[in-house]
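Scroll down for the structure; my scribbles are underneath it.
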Amino acid sequence: MTDVPDLADHPADDADAVLVRLRATVRGTPEEVWWSVATGAGIGTWYVPAKVQSRVGGAVVTDHGPFGHSHGVVTAYDPPRRFAYEERAWGQEVPPWRTEVLVEPGPGGVCEVRLTSGLTTDGPRYRDAIGLTEEAWVAGLRNLRLAREHFPGQEAGGVFVVRGVRAPQGEAWAALLRALGLADAVVGDEVAATEGAPALAGVVEEVRPTSLLLRTTAPAPGFVELSAHTWTTTSLLVHAHLFGPAGSAVAEAERPRWDAWLHARFPGAKPT
């Protein structure tokens, strides 16, 4: 237990704070959902590989692939309701970045997950960083819903590959879809990547202007998101969560395949 106030209750009109506030309804008991959101193995099923020491003052380490590792300290660990941590080393002379997840039981075997993340001091100065984080958390909670629905309680292996390209975002995204044979994919389609591409087959779950999400049967059961982003350069991303007994081994094998394929298919690509 902890007497630190819920971050979700932070005043919405605080001009010094910039916070992402998100909600998702997911299947499972509070105890089952707690495993998903407050343990390293669980967080790896929907966000990124993680290690969590399950106590106040314990370490939290999240692995963001080519973007490096983030390090935090647990500030609240109250199972199965509240998990919170803060990161102080995400930049030079920056305020602490705080993240909190609340699990609230609902009717019919579901829980509401409330996630709040960001800065409670000096927030406006770092508003751009908050925007990038919000994209990641929105995708993460969508993945949490899918993981709890289709792969409850299963651990996952992760693939996170990023390549910077010289082309503009829209052009690079269109080229990636053409190369994979997915240019005309719509939600509900059963699709498979073209010959010569890394193994990829499944059902289209979501299509956005520069991203596509598949619930996969190959290379393993799971979900794979393809996307294009513009940061300092245009970047193509492959982010996968692969489940089942062989999920981690398949992820280890597929990571270099995607890396090599993107590099060969997009000669101007370079690590960001």
Qualifying residue in segment 77-98 (condition: out of contact with any Pro (no Cβ under 7 Å at 6 or more places or on another chain), modelled with pLDDT of 95 or more and β-branched (V, I, T)): no
The listed residue being assigned to a strand (DSSP E or B) and either open to solvent by 10 Å² or more (accessible area, probe 1.4 Å) or modelled with pLDDT of 95 or more (or both), out of G268, G202: G202
Segment 213-253, residues that are in a helix (DSSP H, G or I) and either open to solvent by 10 Å² or more (accessible area, probe 1.4 Å) or over 19 Å from Y47 (Cα atoms) (or both): S248, A249, V250, E252, A253
Yes/no for V101 being aliphatic (A, V, I, L, M) and more than 14 Å from the chain's Cα centre (by Cα): yes
Exclusive hit being in a loop (DSSP other than H, G, I, E, B), modelled with pLDDT under 95 and not charged (D, E, K, R), set V48, V4: V4
Segment 20-34: number of residues that are out of contact with any Leu (no Cβ under 7 Å at 6 or more places or on another chain) and open to solvent by less than 70 Å² (accessible area, probe 1.4 Å): 6
Residue in segment 128-148 that is assigned to a strand (DSSP E or B) and among the small types (G, A, S) present: no
Any hit, segment 20-41, residues being within 30 Å of R255 (Cβ to Cβ) and without any contact (Cβ under 8 Å) to a residue 60 or more places away in the chain: yes
Inter-residue pairs, beta-carbon under 8 Å, first under 19 Å from S36 (Cα atoms) and in segment 241-262, second of a type in the set (D, E, K, R), 6+ apart: L242/E254; F243/E155; G247/E155; S248/E155
Per-region count, segment 58-80, residues assigned to a loop (DSSP other than H, G, I, E, B), surrounded by fewer than 17 Cβ atoms within 10 Å (Cβ to Cβ) and over 20 Å from the mean Cα position of the chain (by Cα): 2
Residues satisfying the stated conditions in segment 181-199, i.e. assigned to a loop (DSSP other than H, G, I, E, B), farther than 18 Å from N143 by Cα and of a type outside the set (D, E): G181, L182, A183, A185, V186, A193, T194, G196, A197, P198, A199
Condition met for P209 (more than 20 Å from W46 (Cα to Cα), modelled with pLDDT of 95 or more, open to solvent by 70 Å² or more (accessible area, probe 1.4 Å) and in contact with a helix residue (DSSP H, G or I) (Cβ under 9 Å, 6 or more places away or on another chain)): yes
Within segment 104-115, considering residues that are open to solvent by less than 20 Å² (accessible area, probe 1.4 Å) and within 17 Å of the chain's Cα centre (by Cα), the one nearest to A136 (Cα to Cα): L115
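The values are calculated or read from the model by the stated rules, or taken from the named source; none is laboratory data. Please read these numbers as outputs of a predicted model, since none were measured by experiment. Cβ sites come from the backbone with ideal geometry, for glycine too, and all protein chains shown count toward neighbours. We work out accessible area using only protein heavy atoms, side chains counted, and drop any ligands, DNA or RNA first. Shrake-Rupley method; radii C 1.70, N 1.55, O 1.52, S 1.80 Å.
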